[in-house]
1. If you go through segment 13-40 one residue at a time, how many are under 16 Å from the mean Cα position of the chain (by Cα) and either modelled with pLDDT of 80 or more or loosely packed, with under 10 Cβ neighbours inside 10 Å (or both)?
2. Regarding residue 48, is this residue at pLDDT below 75, on the phi < 0 side of the Ramachandran plot and touching a Phe, Trp or Tyr at 6+ places or on another chain (Cβ under 9 Å)?
Amino acid sequence: MGSRDQLEAILVFGPIFVLFALGLFITLKSGVVSLSTHQGLACFAGNL
């Protein structure tokens, strides 16, 4: 795999990863107090 292929992979998967991480962060901050409780997990799953 050449450097051009690596750059192309970063340009494709980089934004996908950033958007996924941002969505996970927003989901966690949207009222989920704790993932260790059943209610927290249900709220987290509902937000996804």
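1. Residues of segment 13-40 that are under 16 Å from the mean Cα position of the chain (by Cα), as a first pass: 13-30, 32, 35.
Subsequent filtering for residues that are either modelled with pLDDT of 80 or more or loosely packed, with under 10 Cβ neighbours inside 10 Å (or both) retains 13-26, 29.
Matching residues across segment 13-40 total 15.
2. Details: at pLDDT below 75: yes; on the phi < 0 side of the Ramachandran plot: yes; touching a Phe, Trp or Tyr at 6+ places or on another chain (Cβ under 9 Å): no.
No, not satisfied.
The values are calculated or read from the model by the stated rules, or taken from the named source; none is laboratory data. On a predicted model such as this, the values are computed, not experimentally measured, just so you know. When we count neighbours, we look across all protein chains shown, and the Cβ atoms used for this are built from the backbone with ideal geometry, even at glycine.
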